[in-house]
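The values are calculated or read from the model by the stated rules, or taken from the named source; none is laboratory data. Since the structure is predicted, the reported quantities are computational estimates derived from the model, not experimental observations. Only protein heavy atoms, including side chains, enter the accessible area calculation; ligands, DNA and RNA are left aside. Shrake-Rupley method; radii C 1.70, N 1.55, O 1.52, S 1.80 Å.
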Amino acid sequence: MSTQLVEESQAMAEHDPVRSVIRQLRVIIRALQGHSRSVERGCGISAAQLWALWELQRSPGLNVSDLSRQLSVHPSTASNLLDKLEQGGLVERRRRERDQRVVRLFITDAGQELLKRAPAAPQGELNRALKSMDPALLTTLDQSLEALVKAMASTEPRAGLQPYEGHP
């Protein structure tokens, strides 16, 4: 048997799927952390806030519920993101004259300027990679991650509705 075949068989024998999955998850998490730090340094806002701005630029006039669906976060989380963006002068809330209960969201001129100098859309690389996957493989990944979350017996059932801010 050649040396190369021996090395390959040893590597296969030593392959531990648990360690492999952990390593791969670390790569994904570190990429998200790096992006988040880069956004905060370059823009002064979190990656989640930047993502909200991108969504509002793409669809001006969304309401909080619409935005929360776009970001896959709970409406209260979206509202908190918007509070910070509004305090920073990047977003404004407008009420319709006929129905004052309806609040629409718009990016201010300062928000538009920030987007011009911002890095690529947050979450973009992860979204791009997921969307580029074969649909059957993506479904399998989704089911596998769902099983992992169940096996972890998370004490935070709504954690998936909160944005990842890139901090451990």
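Computed from backbone phi with θ = phi - 60° and the Karplus coefficients 6.51, -1.76 and 1.60, the 3J(HN,Hα) list for the range 22-37 is 4, 4, 5, 5, 4, 4, 5, 4, 5, 5, 5, 4, x, 5, 4, 5 Hz; x is used for glycine and proline. Counting only protein heavy atoms and using a 1.4 Å probe, the accessible area of R94 comes to about 110 Å².
Each distinct pair of alpha carbons in the range 29-134 adds a 1/r term; the inverse of their mean, the Kirkwood radius, is 14.3 Å.
Across all Cα atoms of the range 50-94, the radius of gyration (one decimal) and Dmax (whole number) stand at 9.2, 24 Å. Straightening the chain between N63 and A110 buys 14.9 nm, computed as 0.36 nm per residue apart minus the Cα-Cα spacing. Sequentially through the range 106-114, phi angles give Karplus couplings (6.51, -1.76, 1.60; θ = phi - 60°) of 9, 7, 7, 4, 5, x, 5, 4, 4 Hz, Gly and Pro residues having no value and appearing as x. For the range 31-83, the fraction of 1.4 Å probe accessible surface lying on carbon and sulfur atoms is 47 percent.
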